[in-house]
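The values are calculated or read from the model by the stated rules, or taken from the named source; none is laboratory data. All figures in this text were calculated on a predicted structure; none of them were measured in a lab. In this analysis, Cβ positions are derived from the backbone assuming ideal geometry, glycine residues included, and neighbour counts consider all displayed protein chains.
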Amino acid sequence: MPAIESRRKGKLTRQQYLDLYYYMRLNREVEETMTRLFRQNKIVGGLYSSLGQEAISVGTAYALEKRDWMAPMIRNIGALLVKGVPPRDIFTQHMAKYTSPTKGRDGTSHFGDLENLHIVSPISMLGDLIPVMTGAAMGGRYLGQKIVTMTWIGDGGSSTGVFHEGLNLAASQRAPFVLILENNQWAYSTPVRRQVPLENLADRAKAYGIASYIVDGNDVAEVYSTAKEAVERARAGEGPILIEAKTFRRHGHAQHDPAEYIPKEQREFWEKRDPISLCEAFLLKEKLLDANGKKEMEAKLTSLLEKEREFAENSPMPPEETVHGGIYCSGDECHKIRAKWERPIAEMMPPKSSVEPVWTVEGFGQGKRSAGKNSPIHFGDVQTEHKTQQPKGRAVKKSEKKPAMKSAKKGGR
Amino acid sequence: MAVITFLEAIKQAMFEEMAADPSVVLIGEDVGVYGGAFKTSEGLLEKFGWERVIDTPISESAIIGAACGMSYLGLRPIAEMQFIDFIVCAFNQITNFVAKGHYLWNAPAPMVIRGPSGGGVHGGPFHSANPEMYFVHTPGLKVVYPSTPYDAKGLLKASIRDNNPVLFFEHKFLYRRLKEEIPAGDYTVPLGKAVVRRAGRHLTILSYAAMMHTSLEAAEALAKEGIDAEVIDLRTLLPLDEETILQSVKKTNKCLVVHEDTKTGGIAGEITALLCEKAFLELDGPVLRVTSLDTPVPYAPTLEAAFLPSARKVFAAAKELARY
């Protein structure tokens, strides 16, 4: 079992360790509650599990600040919880209740909150969130907000066209954007080695000239520390960063899928590396948590989830007539759309916003409307502070230690 | 008052909205330094700077996605498709992400997707498209297709100020051929409202964009034969102005729909169904259609002319309809 404790000890505060542990437990118990609800036929559609991947959702979202924006994927229940979504929202969404954030109009983690929590809803088509969160990052920067945006993608989703378009745009715009590539080694029934001829999916970052990291996705402290570093680098203007978190999907694609295609050895290897057990063993050993503290936390979780589940179960289904309406935003009375400026608006308005040409290049501008060799050539980086800087952040950087993955790699069919 | 081209009207709308509201930005391929493939954004970069006029890689999905993400921060991005044909490269992003957000999770996306559309300029099968109906079929979008410089400017301004994703089609045949005197200063034209371009008694011709002018030409020829056609410019295809359509058809009792889009699945079919549902007993004859043929837009001028509707074809159809 890899020694997470030795490398990361001292880097996190006790409270941070306890928070990470708590949210992973919460993540798992929310999903366990939903599995029970599913078996009682109370979940309307599919149920997707992040069993064994909790450290990634929790550790990465924990690196974000309140002002930052994120867009979760289907297996990022933990990220929603960390950002402040109450478990009842997740229960009611899955149960299609009228009290759910979407009032029963969509299920699963498909909901968001633009105003307060800064969460963008996913859709089922993979990769679309990458350009969207790139745009959110560009928008935030334009408004002077100093925000970072984050989304997640799987090993499977990293082969979509929009993954490429989005990450390339993010790189060319140097957007403050962090992409978490959760490599759980299976896209439904297709092993990663049949999807991508790369040893490390983080290598995709090289194609965009952006920085990347590889982390052991089952080590919550490493995931958090890496994500924190990436978020701060992105916030500092170094451009987008890709983090590949190596992990394993311990359940099937969804509840209906027994995942018999997964080799026994691979499953066994990863079951021994359960992120919550690893974290708990460390906390107990380091005396950051004792048996009493654990009991208290468990009692708190049980009573919270009991209350939240009951709320969801007692909630009504949406009345039929609510199918109507809401196709369009009807204007101010529906949504007051106001950009939140954190820089002087005058900077964006003429004459201040006007562009002075910054280069003249001899030999350019031979066209008949041209001013000849003194033609001004614009140089198009969007942020003035980066205009002259050759970005050091574009060099690919990886954490020195790769996780022990050897037996896992035999996993392909 | 000044006489300006259709293209100049588009440029003025963007310029004025950007000057009035710092949350309006333009994003697309070659919109900055080059000023857009048709020069619709010429001068905007110099005036508004790099942060507001954003040249992108050739990535339509990323352009639409990024515009949507910006709109979530309260900005009002205008996303340009260099040719509207390329909008289908971003089909998923538009129909699944942008269009559904408000209904599903209460997320308005105040953005405009605009670009040059339409045939008659020998652009061939990939630079002449009228892809409006892919999107008219998608709840949550608005689809605007103006026919005059005055409307182009007023509708584009209204689209930028609208809280919903608006697809704004600019018929490139009209860009430099059409000039109109428009008032100085700010004005808008409301979305979702058709307009009667020519009042008439005997039959109604419904049309939009370049075909509106073809229909008017036909109406003049019909007038010489004693047929008084009412010509209505739909202007917005989604939401459709049912009221104006029904009002006219209930008066004339006959309807001909003319569009440059291909026949099968074009808006003429939708309007026919609407009239069957809501004005069946008022109809004195069949609803007829004059549209492009159900083929890709062919390249050769002879083939394209055969493909497109023409005033002659509209005239012939209207004559037939008038006999009922």
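Based on what the data block shows, is B:Ala300 crowded, with 18+ Cβ neighbours inside 10 Å and farther than 27 Å from B:Thr138 by Cα? Criteria not met by B:Ala300.
Would you point out which residue out of A:Glu222, A:Glu232, A:Glu260 is farther than 28 Å from A:Asp19 by Cβ and acidic (Asp, Glu)? Reasoning before the result, please.
Values: A:Glu222 fails: farther than 28 Å from A:Asp19 by Cβ; A:Glu232 fails: farther than 28 Å from A:Asp19 by Cβ.
The match here is A:Glu260.
Sort out which residues of the range B:1-26 are surrounded by fewer than 22 Cβ atoms within 10 Å (Cβ to Cβ) and either touching a His at 6+ places or on another chain (Cβ under 9 Å) or assigned to a strand (DSSP E or B) (or both), and write them in order of number. Across the range B:1-26, the qualifying residues are B:Ala2, B:Val3, B:Ile4, B:Thr5.
May I ask you to verify whether B:Thr188 is within 14 Å of chain A (Cβ to nearest Cβ), under 28 Å from B:Phe280 (Cβ atoms) and hydroxyl-bearing (Ser, Thr, Tyr)? I'd like the intermediate steps shown before the answer.
Working: within 14 Å of chain A (Cβ to nearest Cβ): yes; under 28 Å from B:Phe280 (Cβ atoms): no; hydroxyl-bearing (Ser, Thr, Tyr): yes.
Taking the combined requirement at face value, the residue does not satisfy it.
What residue, of B:Gln93, B:Gln12, is touching a residue at least 12 places away in the same chain (Cβ under 8 Å) and at the interface with chain A (Cβ under 7 Å from one of its Cβ atoms)?
On the way: B:Gln12 fails: at the interface with chain A (Cβ under 7 Å from one of its Cβ atoms).
Answer to the check: B:Gln93.
Somewhere in the range A:94-115, is a residue within 25 Å of A:Arg338 (Cα to Cα), more than 9 Å from every other protein chain (Cβ to nearest Cβ), touching a residue at least 40 places away in the same chain (Cβ under 8 Å) and part of a loop (DSSP other than H, G, I, E, B)? The answer is no; no qualifying residue exists. Considering the conditions (1) buried (at least 21 other Cβ atoms within 10 Å of the Cβ); (2) among the aromatic types (Phe, Trp, Tyr); (3) farther than 30 Å from B:Leu73 by Cβ, B:Phe168 is excluded by exactly one of them, (3). Going residue by residue through the range A:229-237, is there one that turns out to be under 25 Å from A:Met73 (Cα atoms) and either within 14 Å of chain B (Cβ to nearest Cβ) or in contact with a Pro (Cβ under 7 Å, 6 or more places away or on another chain) (or both)? Yes: one or more hits.
Residues in the range A:139-176 that are within 7 Å of chain B (Cβ to nearest Cβ) and touching a Leu at 6+ places or on another chain (Cβ under 9 Å) were compared, and the one that is surrounded by the most Cβ atoms within 10 Å (Cβ to Cβ) is A:Gly166. Of all the listed residues (A:Val361, A:Val355), the sole one being modelled with pLDDT under 85, exposed (fewer than 15 other Cβ atoms within 10 Å of the Cβ) and either at positive phi or more than 32 Å from the chain's Cα centre (by Cα) (or both) is A:Val361.
For B:Gly49, are the conditions met, namely being surrounded by fewer than 24 Cβ atoms within 10 Å (Cβ to Cβ), over 21 Å from the mean Cα position of the chain (by Cα) and not basic (Lys, Arg)? Here the answer is yes, as B:Gly49 does meet what is asked.
Among the residues making up the range A:229-238, those that are surrounded by fewer than 24 Cβ atoms within 10 Å (Cβ to Cβ) and of a type in the set (Gly, Ala, Ser) are A:Ala236, A:Gly237.
Scanning the range A:117-131 for residues that are more than 9 Å from chain B (Cβ to nearest Cβ) and of a type in the set (A, V, I, L, M) returns A:Leu117, A:Ile119, A:Leu126. Assess whether B:Gly265 counts as being among the small types (Gly, Ala, Ser) and on the phi > 0 side of the Ramachandran plot. For B:Gly265, the condition - among the small types (Gly, Ala, Ser) and on the phi > 0 side of the Ramachandran plot - is met. Does A:Ala63 fit the bill of being out of contact with any helix residue (DSSP H, G or I) (no Cβ under 9 Å at 6 or more places or on another chain) and in a loop (DSSP other than H, G, I, E, B)? So A:Ala63 fails the test.
Beta carbons closer than 9 Å, at least 6 apart along the sequence or on distinct chains, pair a first residue in the range A:326-341 that is exposed (fewer than 14 other Cβ atoms within 10 Å of the Cβ) with a second that is in a loop (DSSP other than H, G, I, E, B) for A:Asp332/B:Asn163; A:Arg338/B:Ser23; A:Arg338/B:Gly74; A:Lys340/A:Leu143; A:Lys340/A:Gln145; A:Lys340/B:Leu73; A:Lys340/B:Gly74.
Does B:Ile87 meet the test of being crowded, with 24+ Cβ neighbours inside 10 Å, touching a strand residue (DSSP E or B) at 6+ places or on another chain (Cβ under 8 Å) and more than 10 Å from every other protein chain (Cβ to nearest Cβ)? So B:Ile87 passes the test.
Residues that are within 16 Å of B:Lys313 (Cα to Cα) number at least 3 in the following strands (runs of 3 or more DSSP E) confined to the range B:185-290: B:203-207, B:255-262. Only one of the numbered conditions (1) modelled with pLDDT of 95 or more; (2) under 30 Å from A:Gln145 (Cα atoms); (3) more than 30 Å from the chain's Cα centre (by Cα) is not met by A:Lys295, and that is (2).
Taken over the range B:104-156, residues that are out of contact with any Leu (no Cβ under 9 Å at 6 or more places or on another chain), away from chain A (no Cβ under 14 Å) and of a type in the set (A, V, I, L, M) amount to 3.
Among the residues of the range B:282-324, just one is within 21 Å of B:Lys224 (Cα to Cα) and of a type in the set (S, T, N, Q), namely B:Ser310. Of all the criteria given as (1) more than 12 Å from B:Gly65 (Cβ to Cβ); (2) aliphatic (A, V, I, L, M); (3) at pLDDT 95 or above, the one not satisfied by A:Val192 is (3). Annotation for the range A:210-228: at least one member residue is more than 23 Å from A:Gly78 (Cα to Cα), crowded, with 24+ Cβ neighbours inside 10 Å and modelled with pLDDT of 95 or more.
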